[in-house]
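First the structure, in the form of structure tokens, and then the observations on it.
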Amino acid sequence: MKRIVAVIACSCVSLALSRAAEPGDDVERFWPQWRGPQATGVAPHADPPVEWSESKNIRWKVKIPGRGKATPIVWGDRVYIQTAIETDKPAPADQQADAEPTERQGRRGGRHWGGGPKPTNLYEFRVMALDRATGKVVWEHTICEALPHEGGHQNATYASNSPVTDGQHFLAYFGSRGLYCFDMQGKLLWQKDFGDMRTRASFGEGSSPTLYGDTIVVNWDHEGDSFIVALDKQTGEQRWRVARDEITSWATPIVVDPGSGPQVIASATNFIRGYDLASGDVIWKCGGMTSNVIPSPVFGHGLVCALSGFRGSALLAIRIDGARGDITGSKSVVWKHDKGTPYVPSPLLYGDTLYFLSGNKAILSCFDAQTGKEHYGRQRLEGMREVFASPVGAHDHVYIAGREGTTLVLARGPEFRVLATNSLEERFDASPAIVDNELYLRGHDYLYCIARD
């Protein structure tokens with residue numbers, strides 16, 4: 001597909017500098033990536049409000065143009081967000097010709113479950129940096145204008161991949177529209193195009209990049225030649241690329257070090273795999289997931305917990321130190337569970353407690369992450385019906401944002417206890433971000449900064 005890729009700078013307010021972390025700063029203070037600083041959903045040093053409403057504890061509320069379900073990331077005094085804006089400009093004839101018709105995969109219960117119709121107008125793919133104190137736009141860039149080559153699921157957007165930062169580089173990722181590396185002042189440093197992803201049933205894209213040290217990892221599971229690739233964050237140069245025998249998955253890989261060196265953990269339908277970060281070699285693999293893997297794995301206590309929940313339920317807790325080869329059914333699988341696991345939301349690993357939802361329903365389970373002991377199972381969350389956003393945790397509280405605009409705050413621990421039920425005039429699918437005493441909720445139209453009055 002041909003793209004209009006000139007980076008269009010739109011200065012709003014002033015091009016103020018975003019503070020990068022100083023050497024003595026605790027980088028775990030910020031929310032630099034999908035699922036937070038530890039890739040578990042936890043903000044270890046934050047203490048946001050427990051209660052809020054449209055008239056209480058809202059520091060600011062800003063309308064975001066377009067649509068996007070990417071989680072905001074936060075670093076220094078900036079909030080960064082991605083969005084896709086449908087324009088009124090019809091796509092050029094050559095782009096119309098390049099785009100393939102959306103595959104419509106059939107109906108279940110009278111409802112279409114494949115991708116929606118392919119758009120005919122160009123989209124602007126935009127990144128925005130907002131001031132944390134005011135919500136005002138400091139800088140924004142339209143990184144490209146393009147016609148998406150596929151439609152998408154009714155619950156998907158063309159900006160569902162989340163960005164990532166290390167405080168010096170800001171990496172905006174739009175999947176088939178490419179990976180773009182900026183400095184923190186919004187200057188484009190390099191970009192990378194991986195081609196066009198062909199997703200299962202044209203459901204859309206969603207996996208986010210992972211940054212560890214100087215290495216960026218992108219997983220590209222689709223209905224074509226799937227692969228996982230590692231790039232140098234300074235230059236965008238490829239370090240390694242490994243083919244994957246996988247269909248479309250949406251799970252974001254994580255990078256962990258069990259003591260024997262960093263591993264990339266990527267969860268998908270055929271196998272969960274552990275790759276050597278330096279070489280891309282497969283260290284171990286384990287079967288047992290369902291199809292359409294969306295939840296990202298989490299790591300703690302030496303265990304990787306991987307979950308999926310489409311047409312079945314699967315949860316595997318895998319001890320990865322010493323794991324080699326195909327470990328399916330081996331003693332490396334410390335415990336497993338086969339009921340009420342999530343379809344879309346990723347789990348929350350808060351200390352030794354693992355929280356996860358059932359399908360996309362407002363039904364919560366809580367397990368001991370080390371032993372697999374069930375603290376409570378399939379607990380219905382009153383006042384909520386559907387949940388696509390992943391739960392997050394801070395200051396011994398668990399926050400769960402529902403699609404109808406309600407967020408429940410629970411006490412962390414083995415006992416189910418609701419502390420607050422908070423409702424806003426929005427719908428929430430993007431997962432929250434937490435920094436300091438602030439909670440960021442991205443709705444369908446607005447971005448909220450929730451902080452004490």
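Suppose each label sits 7 Å from its Cα in the direction of the beta carbon; what would the K331-R198 distance come out to in nanometres?
Going from the K331 label point to the R198 one covers 4.5 nm.
Measuring from centroid to centroid over Cα atoms, what is the spacing of the range 367-409 and the range 37-54 in Å?
13
Please rank Y173, Y212, fewest neighbouring Cβ atoms within 10 Å first, as an exposure proxy.
Numbers: Y173 26, Y212 21.
Least to most surrounded, the residues fall as Y212, Y173.
Find the percent of Cα-Cα distances in the range 307-393 that exceed 15 Å, and round it to a whole number.
Cα-Cα pairs in the range 307-393 separated by more than 15 Å: 59 percent.
What residues have an amide H closer than 5 Å to that of R380, excluding those fewer than 5 places away on the same chain, when H is modeled at 1.01 Å from N in the peptide plane?
Answer set, sorted by chain and number: L364.
Using a 7 Å offset from Cα along Cα-Cβ at D321, what residues in the range 242-261 end up with backbone N under 20 Å from the label point?
Answer for the range 242-261: 254-261.
Take the Cβ-Cβ distance between D276 and T235 as r, set R0 to 25 Å, and report the resulting FRET efficiency rounded to the nearest 0.05.
That gives a FRET efficiency of 0.75.
Determine which aspartates and glutamates satisfy two conditions relative to K361: a Cα distance under 17 Å, and not lying fewer than 8 residues away in the same chain.
List returned: D338, E382, E386, E404, D429.
Which log10 I(q)/I(0) values does the range 158-255 give at q = 0.14, 0.16 Å⁻¹ under the Debye formula, counting every alpha carbon as one identical point scatterer?
-0.47, -0.62
Every number here is computed from the coordinates shown, using simple stated rules; none is lab data. Remember, predicted model here, so these are calculated numbers, not experimental data. Note: ideal-geometry Cβ built from the backbone for every residue, glycine included; neighbour counts use all protein chains shown.
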